[in-house]
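The values are calculated or read from the model by the stated rules, or taken from the named source; none is laboratory data. From a predicted model like this one, the values you see are computed outputs, not experimental measurements. In this analysis, Cβ positions are derived from the backbone assuming ideal geometry, glycine residues included, and neighbour counts consider all displayed protein chains.
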Amino acid sequence: MESGQNSQSGPASAILERFPMSAKVRKPEKLPEPQPGAHPLAGQSMSGAQAVMQVLADEGVEAIFGYSGGAILPTYDAIFTYNEQQQRVGGRQIPLIVPANEQGAGFMAAGYARSSGRVGVCLVTSGPGATNTVTPVRDCMADSVPIVVICGQVGRAAIGTDAFQEAPVAALMSAIAKHVFLITDPARLEATVRTAFEVARTGRPGPVVVDLPKDVQTAVVQFQGEGGLPLPGYRARLAELTASRVQEAAARDLLGLLSQARRPLIYAGGGVINGGASTALSEFAHFFGIPVVTTLMGIGAIDTADALSMRMLGMHGTAFANYAVEDCDFLIAAGARFDDRVAGDPRKFAARARRIAHLDIDPAEINKVKNVHWSHVGLLPEALRAIVDCARRGGFQADFGRWREELAELRRRHAMNYDRDSTLVQPHYVIEEINRRTRGEAIITTGVGQHQMWAAQMFDFRAPRLWLTSGSMGTMGFGLPAAIGAQVANPGRLVIDFDGDASIRMNIGELETVTTYDLPIKIVVLNNFGDGMVKQWQKLFFKGRLSGSDKSLHKKDFVRAAGADGFSWARRLDRKQDVPAVIEEFLAHPGPAFLEVIIDPDAGVYPMVGPGLGYDAMITGEHIAARAQDAVPADIEPSAMF
């Protein structure tokens, strides 16, 4: 199987070849001669909608995900005429990807952003079009994902009158987005859209919503080609953040704490990936020889096959990762926030760590959940490299070889495992077969539930931005549209949506979107006939009462549904002996492919740490070895600091 390097032709090419502009070709309009350093369209009059489209082009937008409607029609028309003009002059077109609904568009933009690191764009109409993007906006805010959502709005005079398809977008979104702009002055339209991109991608990334009245879209504006809104407070904080460096004295303080440690551990979160710090983190870990555990969102921050990788910690983290956290005496958190799925009981989390250090881009995260002894707020790559440079200059030396040997033994004794003798198809076996062929180089998206945790535990990821999942919000239905966005952003890579039968139902209409644009996405649905994770909790904590979670009597035929939506390769896999051959055929298919796997309905996700509990209460299940409390190395003392 090919490793999946990015195509040199860009994500737009295949889509535009399939959907070329069909309007009659006209001679291109003569554009004004560009002034030195000036935008070639500076000073030209155009509609607000055309100005929006030009700003998107200036920002390097490669695709727009959205669904049309009355209040956004002027901008949709501007997309058409822009691409028509670009086709005539041989310029770069921007494809429009139309989903089954607006929530799908939001998650496609998120998948694009998560997999590429660039700002995703979602363009929807007013009222229900805008409200259908509330969940993706909140999802992006929770996971620090940069998208810009442009919502049509009723004309300015009608705002507040309960006009047809009016919704108070600014009021709704202000509580869940990084920022919301309601544009009431056409003269500020261009600057506002440019500023939306700036805010989305800078600092701690996040979603920005632009509420765009229809009459502002049709108003005539003079294009400037540059400039943004005056945001002195925000830009001052950004400048302070960018200028923040780990000073020599602070670096020496951290190295002093490290020199006193025997069992240091790095706890890496999604901020490492969002901040472009994966390479710096790996260099830091290898320079000092410190093992690394990652959060669900931090998967890929270090190569999972790296000898220093202890994989994921937390509620469903590997047993050996959680034991490493229990045993460490110095915890270094980078781009992580000590959330409840990692530190269910903050008092017990890393309870034997005598010192904790925390590096983050957001000052609000420092000491929010767990008090720390050393901290730095700033850009992660620069901070990590500054500490390494200080250590080199000072000749810092420390040998954590014994600690690494202890962790290697933990990995061996408490390795992930499952019922390998069962005659039923085990989800872990399916993952092992896919992982063996993709070698940690595929982009994996997921829905939310058991399948998500199995994938996080067992897939390999050789680099960042290959693992795309809804972390903090835990949004079912995320996987399929996110895979579409990721495939558009990475046309040369293998993209696999690893989904559940309950999760994929949430946005199953996007199956047709996959085939409409002929995207070679591979979709695996693990079918255990219900809300698997909910059923697991009900079995553990609610005496097995499966209230509303058992779907074994539902009549959905996923394979026929996929075929009806245009999948030429759609199969059901229900025999263990067929797993290798079917998966090989599935992955080798050149176009979209859909595979439903009937798995053991009683397969559970283990390890599991119950809500609000510490790792000492971890349930490892029947097939993963647990260690007795008296197996903790004798020289590890509980910390008196917490």
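Right, residue 62: of a type outside the set (Lys, Arg), under 26 Å from the mean Cα position of the chain (by Cα) and at negative phi or not?
For residue 62, the condition - of a type outside the set (Lys, Arg), under 26 Å from the mean Cα position of the chain (by Cα) and at negative phi - is met.
Only one of (1) farther than 19 Å from residue 139 by Cβ; (2) in contact with a Ser or Thr (Cβ under 9 Å, 6 or more places away or on another chain); (3) not hydroxyl-bearing (Ser, Thr, Tyr) fails for residue 60. Which number is that?
That leaves (2) as the condition not met.
Report yes if some residue within the stretch 232-246 is in contact (Cβ under 8 Å) with a residue 24 or more places away in the chain and of a type in the set (Asp, Glu); otherwise report no.
no
Tell me the residue from 42, 78, 38, 100 that is in a helix (DSSP H, G or I) and either within 21 Å of residue 518 (Cβ to Cβ) or of a type in the set (Gly, Ala, Ser) (or both), please.
78
Filter the stretch 517-548 down to the residues that are assigned to a loop (DSSP other than H, G, I, E, B), surrounded by 15 or more Cβ atoms within 10 Å (Cβ to Cβ) and without any contact (Cβ under 8 Å) to a residue 40 or more places away in the chain and list them by number.
Across the stretch 517-548, the qualifying residue is only 546.
In the stretch 276-303, which residues are assigned to a loop (DSSP other than H, G, I, E, B) and either surrounded by 21 or more Cβ atoms within 10 Å (Cβ to Cβ) or at pLDDT below 95 (or both)?
Passing the criteria: 277, 290, 291, 295, 296, 297, 298, 299, 300, 301, 302.
Per-residue answers, yes or no, for (1) touching a Phe, Trp or Tyr at 6+ places or on another chain (Cβ under 8 Å); (2) over 16 Å from residue 594 (Cβ atoms); (3) outside the structural domain of residue 321 (by TED's automatic domain parsing):
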{"residue": "435", "(1), (2), (3)": "yes, yes, yes"}
{"residue": "450", "(1), (2), (3)": "no, yes, yes"}
{"residue": "454", "(1), (2), (3)": "no, yes, yes"}
{"residue": "464", "(1), (2), (3)": "no, yes, yes"}
{"residue": "478", "(1), (2), (3)": "yes, yes, yes"}
{"residue": "483", "(1), (2), (3)": "no, no, yes"}
{"residue": "492", "(1), (2), (3)": "no, yes, yes"}
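Among the residues that make up the stretch 487-495, is at least one of them at pLDDT below 95 and surrounded by fewer than 24 Cβ atoms within 10 Å (Cβ to Cβ)?
yes
Determine the pairs where a residue that is closer than 10 Å to residue 269 by Cα, located within the stretch 330-347, has a partner that is buried (at least 22 other Cβ atoms within 10 Å of the Cβ) and hydroxyl-bearing (Ser, Thr, Tyr) with Cβ atoms under 7 Å apart, the partner being 6 or more residues away or on another chain.
Within 7 Å, the pairs are 333/267; 336/267; 336/295.
Residue 194 passes all but one of (1) closer than 30 Å to residue 42 by Cβ; (2) free of Cβ contacts under 8 Å to residues at least 12 places away in the same chain; which number fails?
Residue 194 satisfies all of (1) closer than 30 Å to residue 42 by Cβ; (2) free of Cβ contacts under 8 Å to residues at least 12 places away in the same chain except (2).
In the list 187, 177, which residue meets the criterion of being under 29 Å from residue 112 (Cα atoms), in contact (Cβ under 8 Å) with a residue 12 or more places away in the chain, in the same structural domain as residue 144 (by TED's automatic domain parsing) and of a type outside the set (Asp, Glu)?
Within the list 187, 177, the selection yields 177.
For every residue, the table says whether it meets (1) under 27 Å from residue 110 (Cα atoms); (2) aliphatic (A, V, I, L, M).
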position: 475; (1), (2): yes, no
position: 488; (1), (2): yes, yes
position: 538; (1), (2): no, no
position: 542; (1), (2): no, no
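Looking only at the stretch 371-390, which residues are closer than 13 Å to residue 264 by Cβ and out of contact with any Lys or Arg (no Cβ under 8 Å at 6 or more places or on another chain)?
Selection gives 387 alone.
In this structure, does residue 169 turn out to be closer than 29 Å to residue 244 by Cβ and in contact with a strand residue (DSSP E or B) (Cβ under 7 Å, 6 or more places away or on another chain)?
No.
If you scan the stretch 411-465, which residues turn out to be without any contact (Cβ under 8 Å) to a residue 40 or more places away in the chain and more than 19 Å from residue 624 (Cα to Cα)?
Matches in the stretch 411-465: 435, 436.
Counting only residues that are touching a Gly at 6+ places or on another chain (Cβ under 6 Å), surrounded by 24 or more Cβ atoms within 10 Å (Cβ to Cβ) and over 10 Å from residue 207 (Cα atoms), how many does the stretch 95-142 have?
Final tally of qualifying residues: 14.
Look at residue 269 and say whether it is touching a residue at least 60 places away in the same chain (Cβ under 8 Å), crowded, with 20+ Cβ neighbours inside 10 Å and of a type in the set (Gly, Ala, Ser).
When the stated conditions are applied, residue 269 passes them.
Results for (1) at pLDDT 95 or above; (2) under 27 Å from residue 419 (Cβ atoms); (3) aromatic (Phe, Trp, Tyr); (4) more than 29 Å from the chain's Cα centre (by Cα), shown as yes or no for each residue.
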residue: 536; (1), (2), (3), (4): no, yes, no, no
residue: 551; (1), (2), (3), (4): no, yes, no, no
residue: 558; (1), (2), (3), (4): yes, yes, yes, no
residue: 564; (1), (2), (3), (4): yes, no, no, yes
residue: 590; (1), (2), (3), (4): yes, no, no, no
residue: 632; (1), (2), (3), (4): no, no, no, yes
residue: 639; (1), (2), (3), (4): no, no, no, yes
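Among the residues of the stretch 538-549, what is the count of those that are of a type in the set (A, V, I, L, M) and at pLDDT 90 or above?
Total meeting the criteria: 1.
Counting residues that are of a type in the set (Val, Ile, Thr), which helices (runs of 4 or more DSSP H) fully inside the stretch 383-488 reach at least 1? Outline the logic, then answer.
Values: elements: 401-413, 427-438, 450-458.
In the stretch 383-488, the matching helices (runs of 4 or more DSSP H) lie at 427-438.
Any residue in the stretch 606-634 that's part of a helix (DSSP H, G or I): show its pairings with residues that are at pLDDT below 90 at Cβ separation under 9 Å, as long as the two are six or more apart or on different chains.
Matching pairs, first to second residue: 616/629.
For the stretch 216-234, how many residues meet the condition of being buried (at least 17 other Cβ atoms within 10 Å of the Cβ), out of contact with any Asp or Glu (no Cβ under 7 Å at 6 or more places or on another chain) and either outside the structural domain of residue 112 (by TED's automatic domain parsing) or of a type outside the set (A, V, I, L, M) (or both)?
Matching residues across the stretch 216-234 total 2.
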